[in-house]
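Worksheet: one structure, shown below.
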Amino acid sequence: ATVKAITDGFGGTLGSIGIIIGFGVMMGAIFEMSGAAERMATTFLKLFGKNHEEWALALTGFIVSIPIFCDSGFVILAPLAKALSKKTKKSMVSLGVALAGGLVITHSLVPPTPGPLGVAGTFGINVGQFILLGIVISVPMAIATTLYAKWLGKRIYQIPSEDGESWERPPYQEPQYDSITTEEDKQLPSAFLSFLPIVAPIILILMNTISSAAKQTEGIFSVLIFLGTPIIAVGIGLLLAIYTLTLKTSRKIVMEKMENGIKSAGIIILVTGGGGELGNVLQIRGVGDFIANQIVKTPIPVIILPFLIATLLRFAQGSGTVAMLTSAAITAPIVSAAGGNMLLGAFAACTGALFFSYFNDSFFWVTNRLMGISETKEQIRVWSVTTTIAWGVGFIVLLILNI
């Protein structure tokens with residue numbers, strides 16, 4: 001049974017994210033080789049202005065993760081953050097944490113992602129109302145994580161190497177914007193072709209989400225649902241990158257660059273699967289259920305109960321979705337019987353599930369590894385502390401709304 005729990009956890013995690021990571025790093029290699037990454041960075045800077053990169057990426061993640069899983073969103077958008085880091089000499093940590101923070105917050109609080117949608121159903125909440133209040137609660141959380149990202153980037157200063165295949169740790173330097181408009185821009189792919197492999201999968205996944213939510217599964221909608229499955233959508237993005245950005249490059253060079261990308265993905269895929277494996281072992285063993293059942297017996301205020309159970313479940317087994325859904329199932333009848341606010345009870349379960357992402361959470365490994373962070377102490381500062389800040393701010397907002 002132990003071996004089965006290990007293999008199921010490893011395979012289950014990689015079944016949903018492993019292929020996407022592989023596609024994503026190959027796409028990133030093509031962006032780097034073709035100049036599309038530089039074009040994306042230049043366009044982004046011109047669009048949002050200088051020194052606003054973290055806020056722009058946080059907003060991008062905040063919006064993108066409403067219809068899309070945060071791990072898929074981060075794999076798709078990480079090359080953009082890396083390109084901005086290389087172009088401006090801003091730390092990949094500040095850019096990556098801002099992006100990932102925006103992604104994980106709306107992923108955890110705003111339907112139609114499965115966790116919040118399931119919680120809304122369990123508590124009997126109107127989904128439209130849940131979406132609107134979820135966005136309101138998410139805003140201060142995203143602001144807090146972005147401010148932390150800007151602070152942390154100066155303390156863990158890491159930028160891509162010139163060839164884009166490794167990372168460097170030079171002394172901290174202020175952002176550089178001198179080369180935004182240069183002659184070489186004329187040799188780069190157009191902004192449309194550069195962003196197409198990123199935007200196309202996002203649109204496809206969005207159409208999948210809308211079709212599924214509307215329960216439209218026949219005819220053309222079945223095609224949209226298929227094309228919008230994350231693996232298919234990101235695969236289409238990779239094909240678009242190959243057939244629009246590498247036309248002037250030999251097939252041999254393109255293959256070499258993609259293979260180099262796959263080499264870097266090996267450790268990411270392995271440790272991501274390992275995180276899923278650890279979480280599954282703890283989940284099957286019933287650690288979370290035991291903790292939840294003990295907490296229910298205590299005289300804790302009714303609005304704090306879903307939050308506390310989700311927090312402990314998250315810490316015990318790693319998955320935020322499992323934590324919020326389990327907390328909702330246990331506490332919804334209690335909150336209802338006690339006459340508590342069901343809407344705030346539902347958000348309490350969702351917010352608690354953000355607590356301290358670490359080794360048993362696959363997204364912990366996806367974010368850290370794609371940012372090039374390999375030291376355990378730094379990994380915790382980069383991602384565990386970020387999610388805990390979002391969790392703490394969310395709890396404060398929840399208490400204010402309850403008052």
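Let me test this: with uniform point scatterers at the alpha carbons of the chain, what is the Debye-based log₁₀ I(q)/I(0) at q = 0.07, 0.11, 0.14 1/Å? Relative scattering, expressed as log10 I(q)/I(0), comes to -0.32, -0.78, -1.24.
Accessible surface computed residue by residue for the chain, with neighbouring protein chains in place and a 1.4 Å probe, gives 42 Å² per residue. Partners of residue 215 within straight-line reach, counting aspartates and glutamates whose Cα lies under 16 Å from its Cα and excluding those fewer than 8 residues away in the same chain: none found. Calculated mean residue ellipticity at 222 nm for the chain: -25000 deg cm²/dmol, from DSSP H runs with n ≥ 4 weighted as -39500 (n - 2.57), summed, divided by the residue count and rounded to 500.
Within the set 46/154; 50/150; 154/257; 89/150, which residue pairs have Cα atoms separated by over 21 Å?
46/154; 154/257
Computed from backbone phi with θ = phi - 60° and the Karplus coefficients 6.51, -1.76 and 1.60, the 3J(HN,Hα) list for the range 243-249 is 8, 10, 10, 10, 5, 9, 10 Hz; x is used for glycine and proline. What residue among 391, 383, 167 has the largest mean-square fluctuation in a Gaussian network model of the chain, using Cα springs under 10 Å? Of the options given, 167 has the highest mean-square fluctuation. In order along the range 3-20, the Karplus-derived 3J(HN,Hα) couplings, from 6.51 cos²θ - 1.76 cosθ + 1.60 at θ = phi - 60°, round to 4, 5, 4, 5, 5, 5, x, 5, x, x, 5, 6, x, 9, 10, x, 5, 4 Hz, and Gly and Pro are given as x.
Cα to Cα, under 20 Å, and not fewer than 8 places away if on the same chain: which aspartates and glutamates meet these conditions relative to residue 263? Within reach: 32, 71, 162, 163, 165, 168, 375.
Here the range 1-69 has 70 percent of its accessible surface on carbon and sulfur atoms, given a 1.4 Å probe and all protein chains in place. Near the amide H of residue 167, within less than 5 Å, lie the amide hydrogens of 161, all on another chain or at least 5 residues away, with H placed in the peptide plane. Surface composition of the range 192-335: carbon and sulfur make up 72 percent of the accessible area, probe 1.4 Å. Residue-wise HN-Hα couplings along the range 329-346, as the Karplus relation 6.51 cos²θ - 1.76 cosθ + 1.60 with θ = phi - 60° gives them from phi, are 4, 6, 9, 4, x, 5, 4, 5, 5, 7, x, x, 6, 5, 5, 6, x, 5 Hz; Gly and Pro carry x.
The values are calculated or read from the model by the stated rules, or taken from the named source; none is laboratory data. This one's a predicted model, so the numbers in the text were calculated from it and none came from an experiment. Please note that ligands, DNA and RNA were not included when accessible areas were found on the heavy atoms of the full protein model with its side chains. Shrake-Rupley method; radii C 1.70, N 1.55, O 1.52, S 1.80 Å.
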